[in-house]
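Data first, discussion second: the structure below is written as structure tokens.
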Amino acid sequence: MQRGRALVMAATLLAAAAAFGAPPATTLNAPSVSDNIPVNSPFYYNQWGLCPPLSVPPIPPPITGTPPDSQQPINLTADHQDGYLHGITNLTGHPEAVQGSQRMTADLMVYNAITGKVHATDNVHFYSPNLTLHGDTADYDVNTASGTFDHANFFLPERHGRGSAKQIQMLSEDRSLLTDMNYTTCPVGKKDWMLHAPDMLLNQSTNTGIGHDVTIDFYGVPILWTPYINFPLNDDRKSGFLSPSFGYSTTTGTDFQLPYYFNLAPNYDATLVPRIITKRGPDLGGEFRYLSQGGSKGQFDFNYLPHDNLADQERGRFHFENNTPFDRDDTDSSTYTDKNYGDNGSDDDDNVRSSNRGWAFNTAYNWVSDSLYFQDLGNSLNTVSTTLQERHAAINYNSDDTDLTFQTQVQEYQVVDPDILPTNYPYRRLPQVTLDWQSDVASQGPQFNLQTEFVHFQQDLRVGSLRTDIKPSVSETFGTAGYYLTPTAAYRYTDYSLDNNALPGQQTSITRALPILSLDSGLSLERSIDDGNFIQTLEPRLFYLYVPYTDQSNIPLFDSLRPEFSFLQLFTDNRFIGADRQGDANQLSYALTSRLLDGDDGSEILETSIGEIRYFEDRRVHLRYCPLASSCSTPPTPDTNLFSDLVANVTLNVNDQWSTSYGQQWNPYTRQTDLAAVGLQYHPAYHQVINLAYRYNRGLGLTQTDLSLDWPLTSNWSTVGRWNYDIQNHLTLESFIGFQYDNCCWTFDIVHRRFITQTGDADSQFFLELQFKGLGAIGRRLEDFLQNGILGYSDPSLSH
């Protein structure tokens, strides 16, 4: 039994290998969603929970030693041992050969001490911590670490896998050849799916497996075949085909993809994605990713459709992004390894957790061939609703020690929404420079802050400008844990130098300067309830703001807008976003917040907030733009209301299963609700969630309901669904219904979706996915689509 671990490792890792290529399965080789969840938690999911225990022979307790198994001596025991000439010994009556944690038993063993060969017959069993084998006969050469097992069945309890081979040849310590191999994760007596290969070579030294003429059967019907596969025997990436993907749409027809993954080097890889869209034609997509030892990372993505039969044109898409830290501190970064590359295209911070300090360069470039590209070829509502493609190049600096941040960038957009007129295209920033600094917040005394921006706005059909915006401020907080009082004084200076697109007679040099004064104050009161089981807080807050009026109607609107009113706006010093408008103010915001906390762990059970603004002067600054005095014949109507909308928010976490939230804005003059939103979620366990939401916006004429769920029907069947309905227009914006069948060794998903496109037309899609547990998925990966549509959706493929 010398060095039997070649067989142990090869067979064990075979069960974990994908049928085709193997790029990184998850971001950063991340733990699954259940890895940090206790086994007894209702949110823990065990993908083998529906399986009966594997029927494997009893495994004797392993005998371990300090040296590796391959260096430990072989111990032979039996009820009867008969010695012969030339070092041959027959062992009968429970013969057993033990080497470290590995052992072999049979009805009869013959050992040749001179040649080091062991021959075992009748009821041969091999045991190890991760593998058991049962075969008719076995021959093993201790000296060369080679041998054969004939007609062997193997079991992998930890992987829940099993299989058989006509013969398993251990060619050397690192190489094994399996002949006429079958493999599945289905329980004994079940062959729902089965992988067949006439030969499979497993090489531990290169961590690769090579097979020919590989077929996967589903209920006896071959559904996948490949003449050749080359896959990894561990978690390393390996070139090869990835799981195919297919779907169906009434607009575009059948959509089929078969990606091929190229593991080019430990720090860069590529994926080629041929795609057939039956009503449009062939599309070639691809991705290239790279990562340097110093932390620079990036990727290229592209799609090219030579001729779209429906649009009658050539179409394509290109995406590039890069992030390069110049002052990376390796002591503050994760270790660079070839296994921590990414997740086959995720936009997450995949593999290098760069330091937050120092200089960095990042850039992005996005391009599509036409403004209808995402509408015609996008496969999600988020993609279809894309209106802009950003392009930028930026240099950033962040110093935690001095609380200093700096950025300089150039930025522009490609507009891909046909409804946006060229005169309304966003401005290019060529360049933009920002510098922000604040004093140490932990220090005593006054706190100083400086915000600066220099930007050049450029647009072909509109007036551009050089804009300089400087805003220094000073504040100091007085108080204790029970109260605080924070006066703040700021000064905002903004200068514009308009370019040659200005109208004749228009003022081209504009300066705006004004002070901003505020006083923020609050109390923090609390009391114990029910003998300390709960804590209730009472947090009243007053915020006074004064900004004198300055006429700003002659300033163009480059990046300013007025956001939707909310509770947070009660405590900001500008009701506008952007530097082109600084709102005038003489107002007092008053609000009251109360929380109910758990007395043991401090978790929040209930939070309620209510507040509004009392205006002492009319508001005269608006988003109106008058380049010439004659272009605005009448002055804007000031806002004369004495009070803002009354804003209220309630969040209730009843327990670990129920949560709800409610928000409302009530107009005291019309005595009507301007905005309202309510949400309710029931999430008692994994794969069990129901969401109900209602949204109302009187100004936009929007009234919508949104119902979504992910719920089990039986132990094997579950359903997913969503219904997003526009009550105002009596229109279903998006709906889908799907079912999943989950048994011991495979799952099947089918989803039908109907949604409204950007043009207002309805489109329908079908998605199918068949996943063989422990092997891979066939169809279209649905987790992103379902997670976007169902808050709290649980994807079993990401769990144990």
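The values are calculated or read from the model by the stated rules, or taken from the named source; none is laboratory data. Just so you know, these numbers come straight off a predicted model, no measurement behind them. Note that we place each Cβ from the backbone using ideal geometry, even for glycine, and neighbour counts take in every protein chain shown. The area values use the complete protein model at the heavy-atom level, side chains included, leaving out ligands, DNA and RNA. Shrake-Rupley method; radii C 1.70, N 1.55, O 1.52, S 1.80 Å.
Percent of accessible area on region 571-690 owned by carbon and sulfur, 1.4 Å probe?
55 percent
Straight-line reach only, C-alpha to C-alpha below 17 angstrom: list the aspartates and glutamates that K166 could link to, leaving out same-chain residues fewer than 8 apart.
D122, D136, D139, D150, D180, D199, D213
Taking R0 as 35 Å, what FRET efficiency do you get between A502 and L568 from their Cβ-Cβ distance, rounded to the nearest 0.05?
Taking R0 as 35 Å, the efficiency between A502 and L568 is 0.45.
Quick check: pseudo-label points 7 Å beyond the Cα along Cα→Cβ at T251 and T144, how many nm apart are they?
6.5 nm
For D417 and T703 in the same chain, what is the full-extension length gain: residue separation times 0.36 nm, less their Cα-Cα distance, in nm?
That pair, D417 and T703, stretches by 100.5 nm at full extension.
Applying a 10 Å radius around every beta-carbon, put 195-203, 696-704 in order of their mean neighbour count, most first.
Going from most to least packed, we get 195-203, 696-704.
Accessible area per residue of region 473-606 at 1.4 Å probe, in Å²?
Result: 50 Å² per residue.
Less than 11 Å Cβ to Cβ from L606, Lys/Arg counted +1 and Asp/Glu -1: what total charge do the surrounding residues give?
Around L606, the charge tally is -2.
Taking R0 as 51 Å, what FRET efficiency do you get between F643 and H319 from their Cβ-Cβ distance, rounded to the nearest 0.05?
Approximately 0.60, to the nearest 0.05.
Give, as a single signed number, the net charge of other residues whose beta carbon lies under 9 Å from the beta carbon of T271, with Lys and Arg counted +1 and Asp and Glu -1.
-1
If a paramagnetic tag sat 7 Å from the Cα of N230 along the Cα-Cβ line, which residues of region 255-271 would have the backbone N under 18 Å from that point?
259-271
Would you mind calculating the gained length between L388 and D763 on full extension (0.36 nm times residue separation, minus the Cα-Cα distance), in nm to one decimal?
Gain on stretching L388 to D763: 132.7 nm.
Given points 7 Å out from each Cα along the Cα-Cβ axis, report the D495 to F302 separation in nanometres with one decimal.
Each label point is offset 7 Å from its Cα along the Cβ direction, giving 4.6 nm.
So if each residue of separation counts as 0.36 nm, and I subtract the Cα-Cα distance between L628 and L652, what length gain in nm does that give?
Fully extending the segment from L628 to L652 adds 3.4 nm.
Between S371 and N46, what FRET efficiency comes out of the Förster formula 1/(1 + (r/R0)^6) with R0 = 30 Å and r the beta carbon distance, rounded to 0.05?
That pair, N46 with S371, gives E of 0.05.
Rounded to whole Å, give me the distance from the Cα center of region 172-213 to that of region 415-464.
Distance between centres, Cα-based: 59 Å.
Quantify, in whole percent, the carbon and sulfur part of the accessible surface of region 724-775 (1.4 Å probe; protein heavy atoms only).
Percent of accessible area from carbon and sulfur atoms in region 724-775: 57.
Using Cα centres only, tell me the gap between region 728-751 and region 501-563 in whole Å.
Cα centroid to Cα centroid, the span is 45 Å.
Give the residues of region 491-520 whose amide nitrogen is closer than 12 Å to a point set 7 Å from the Cα of S475 in the direction of its Cβ.
Counting only backbone N, you get 517-520.
Under a point spin-label approximation (7 Å from Cα along Cα-to-Cβ), what is the I610-D199 distance to one decimal in nm?
Between I610 and D199, the simple spin-label model gives 8.1 nm.
Highest mean first, what order results for 585-597, 414-426 on Cβ atoms within 10 Å?
For the peptides 585-597, 414-426, the packing ranking is 585-597, 414-426.
Please list, or write none, the lysines whose alpha carbon is within less than 20 Å of the alpha carbon of K773, excluding same-chain residues fewer than 8 places away.
Cross-link targets: K190, K191, K238.
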